[in-house]
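As structure tokens, the structure follows; a few thoughts come after it.
The values are calculated or read from the model by the stated rules, or taken from the named source; none is laboratory data. Nothing here was measured: the structure is a model prediction, and the numbers come from that model. Here the Cβ positions follow ideal geometry from the backbone for every residue, glycine too, while neighbour counts run over all protein chains shown. Just the protein is used for accessible areas: all its heavy atoms, side chains included, with ligands, DNA and RNA removed. Shrake-Rupley method; radii C 1.70, N 1.55, O 1.52, S 1.80 Å.
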Amino acid sequence: METQLLDLTSERCPMSLLLAKRKGATLGVNETLKICISDAGSQKDISAYFLQQGFVVIVNSQNDHGFELIVTKEKM
């Protein structure tokens, strides 16, 4: 299955969290979303939200452009 991309590098919380929630709600079981963000606050808030919702979250370390989150929905 293809990984979807959500580029939120131009957004800050709370807008980045809202957009990530909306996109995450469209994922089916075993679908993956790659989220690119630029600030640590958004990274913490988005990761916490998806973990609370039962998603698997992998946070790749910060690079020149920010953070990369890999979010996978495992079950309904």
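Within region 1-18, count every residue that is out of contact with any Phe, Trp or Tyr (no Cβ under 8 Å at 6 or more places or on another chain), part of a helix (DSSP H, G or I) and crowded, with 16+ Cβ neighbours inside 10 Å. Steps first, please.
Of region 1-18, the ones out of contact with any Phe, Trp or Tyr (no Cβ under 8 Å at 6 or more places or on another chain) are 1-16, 18.
Now restrict to residues that are part of a helix (DSSP H, G or I): 15-16, 18.
Subset that is crowded, with 16+ Cβ neighbours inside 10 Å: 16.
Matching residues across region 1-18 total 1.
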Among all residue pairs at least 6 apart or on different chains, which show Cβ distances below 7 Å where the first residue, located in region 50-62, is over 13 Å from Lys21 (Cα atoms) and the second is in a helix (DSSP H, G or I)? Val57/Ser47; Val57/Phe50; Val57/Leu51; Val59/Gln43; Val59/Ser47
Give the residues of region 19-43 that are open to solvent by 70 Å² or more (accessible area, probe 1.4 Å) and part of a helix (DSSP H, G or I), sorted by residue number. Lys21, Arg22
Taking region 2-28, which residues are touching a strand residue (DSSP E or B) at 6+ places or on another chain (Cβ under 7 Å), closer than 16 Å to Glu74 by Cα and in contact (Cβ under 8 Å) with a residue 24 or more places away in the chain? Thr3, Gln4, Gly24, Leu27
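So which residues in region 44-76 are part of a helix (DSSP H, G or I) and either over 17 Å from Met15 (Cβ atoms) or open to solvent by 30 Å² or more (accessible area, probe 1.4 Å) (or both), if there are any at all?
Quick first cut of region 44-76, residues part of a helix (DSSP H, G or I) only: 44-52.
Those that are part of a helix (DSSP H, G or I) and either over 17 Å from Met15 (Cβ atoms) or open to solvent by 30 Å² or more (accessible area, probe 1.4 Å) (or both): Lys44, Asp45, Ala48, Tyr49, Leu51, Gln52.
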